[in-house]
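Below is one structure, written out as structure tokens; comments come after it.
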Amino acid sequence: MAQHKVNYTQDGGLPVALTSIDKIVNWGRSNSLWALTYGLACCGIEMMASGASRFDFDRYGTIFRASPRQADVMIVAGTLTKKHAEFIKRLYDQMTEPRWVISMGSCANTGGMFNTYATVQGVDRIIPVDLYLPGCAPRPETLQYGVMLLQKKIRANKAGNAQKAKRLM
Amino acid sequence: MRTYTPKDDVQAKSYYTDRYYVSPQVPKSEVETDAVFAADLEAIKAKFEVKEVFIQVEQMVVYINANDIYGVLELMRDELEYTQLSEMSAIDWLAKDNTFEIFYQMLSMNKRKRIRVKYFIKNGQAVDSVEKLFRSADWSEREMFDMFGIEANGHPFMKRILMPYDWQGFPLLKTYPLEGDEFASWYEVDKIYGKEARDIIGPELRDTARVDRYDSQRFARLGHEVPKGTEITGDEPKNEQAYQEDGGVFLIKKFDKESSKIIDDPQR
């Protein structure tokens, strides 16, 4: 029978870390932010580049999921048209709470250069947004920094069920 | 050197002072100058009335009666070898004489020639569908209906193609504002949340240059964070923005530049 070679009382102590529920729940949430693939336009290309090997979002635990039911954060990357607006609302409603939204790029933030009849002037008219990333299109580094800020925001909040659900209205 | 014009109000002005400005025409030539087009025109003239015809930029432009369009295109496809309908749509002349100009761009791969067939219809009048002749007319006629409101009789599925089915208004009309009318500006709010939500969500912000640096409802303002909804005076303290919390995160070591070793020898 194999013998334990580690003497826990002397070599580095017992493998136990003490923490609070809030901290460990937020640690789990912030470091496994599964993102909903929401590439609507050219920002989607930058979002894909962020997920690919050069920038490698997996390092942050951010793995793109094709289903809203498995996703924690919706990265709205691109121009949201009025025809599509009801679908983004439906997908947002299908995400399980807690959920976060990153609005990526000028078009998603404010409608951007598309000051026209067919473009929603900012996704925050439809769903509540946690983080606005400027740029046209933002570089993958911007998106990485945005995800890190979102992680920080998650860690700053209380983790319990009392977390207030975000509603636009 | 270009003459100086003041640029301070250039964003506020429209591009064209005359909205219905018609640019000078490219020179037109007689049909007889091209033997292939002359033979085609003879074949069309034998069966249908031709109102006006000329060659412009090596393409023949033929004006016909609105009722003859199906017959003319059928003749051109079956006998004159114009086998492709490249595109078709309408031109809005409502402000000039309350008409639409409908055009059909035809291509013959064998003859290597293009003919544009045109006619005018009054506002509110429908056109005859050519979807039975050319499958490409299916979506083109739907798009024409979507953008101008011109219906095509005999089309199998006369519905909008680009805009949503419940859209009101025809966006490519010259009277339609680029930023949308009342219906367009509230479309997504009305559809998702209902009309009673208009007061809560508020009108669209169409001024793209507008930045309210004291807006704490919508923006957290990196480096100057305050709780949401705080009245901002402008002298909030600057707080340093770090990637991570100072003490590090549970189970994650903070990267320490001082204790790390940088290998700068390329030959290592």
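General observations
- Over segment B:74-138, volume per residue of the alpha carbon convex hull, in Å³: 84
- Test item: A:115-123 mean partner chain Cβ contacts at 10 Å: 6
- Estimated inter-spin distance, residue A:158 and residue B:191, nm [label 7 Å along Cα→Cβ]: 3.9
- For residue A:34, distant residues with modelled amide H under 5 Å away: A:63, A:72, A:73
- Student exercise, chain A dipole from Lys, Arg, Asp, Glu Cβ charges, in Debye to nearest 20: 360
- The separation of segment B:65-84 from segment B:25-41, counted between C-alpha centres, amounts to 18 Å.
- In this structure, the amide hydrogen of residue A:119, modeled 1.01 Å from its nitrogen in the peptide plane, lies closer than 5 angstrom to those of A:82, counting only residues at least 5 positions away or on a different chain.
- Partners for residue A:89 among aspartates and glutamates (Cα-Cα distance below 12 Å; same-chain residues under 8 apart left out): A:124, B:188
- With the convex hull drawn over the C-alpha atoms of chain A, the volume per residue is 158 Å³.
- A protection proxy built from the mean count of other Cβ atoms within 10 Å ranks the segments B:146-158, A:65-77, most packed first, as A:65-77, B:146-158.
- Sequence ranges B:62-69, B:132-139, ranked by mean other-Cβ count within 10 angstrom, highest first: B:62-69, B:132-139
- Crossing angle, helix A:85-94 versus chain A [Cα axis fit, 0-90 degrees, rounded to tens]: 20
- Chain A - percent relative contact order, Cα under 8 Å, separation 6 or more: 23
- Between residue A:21 and residue A:65, the FRET efficiency from the beta-carbon distance, with R0 = 25 Å, is close to 0.45.
- Helix A:21-30 axis, angle to chain A major axis (alpha carbon atoms, nearest 10°): 50
- Sequence-ordered 3J(HN,Hα) estimates for segment A:74-83 from the Karplus curve with 6.51, -1.76 and 1.60 and θ = phi - 60° stand at 9, 9, 7, 10, x, 6, 9, 8, 5, 5 Hz, glycine and proline given as x.
- Shielding score for A:83-93, defined as the mean number of other chain Cβ atoms within 10 Å: 3
- Extension gain, residue B:228 back to residue B:57 (0.36 nm per residue minus Cα-Cα distance, nm): 55.3 nm
- In terms of distances greater than 20 angstrom between alpha carbons, the cross-link table entries A:23/A:153; A:83/B:159; B:45/B:122; A:153/B:228; B:191/B:228; B:7/B:174 yield B:45/B:122; B:191/B:228; B:7/B:174.
- Theoretical FRET efficiency, 1/(1+(r/R0)^6), r = Cβ-Cβ of residue B:96 and residue B:9, R0 41 Å, to 0.05: 0.90
Only the coordinates and a few stated rules stand behind these numbers; no lab work does. Remember, it's a predicted structure, so these values are computed and weren't measured experimentally. FYI the Cβ positions are ideal-geometry reconstructions off the backbone, even for glycines, and counts take in every protein chain you see.
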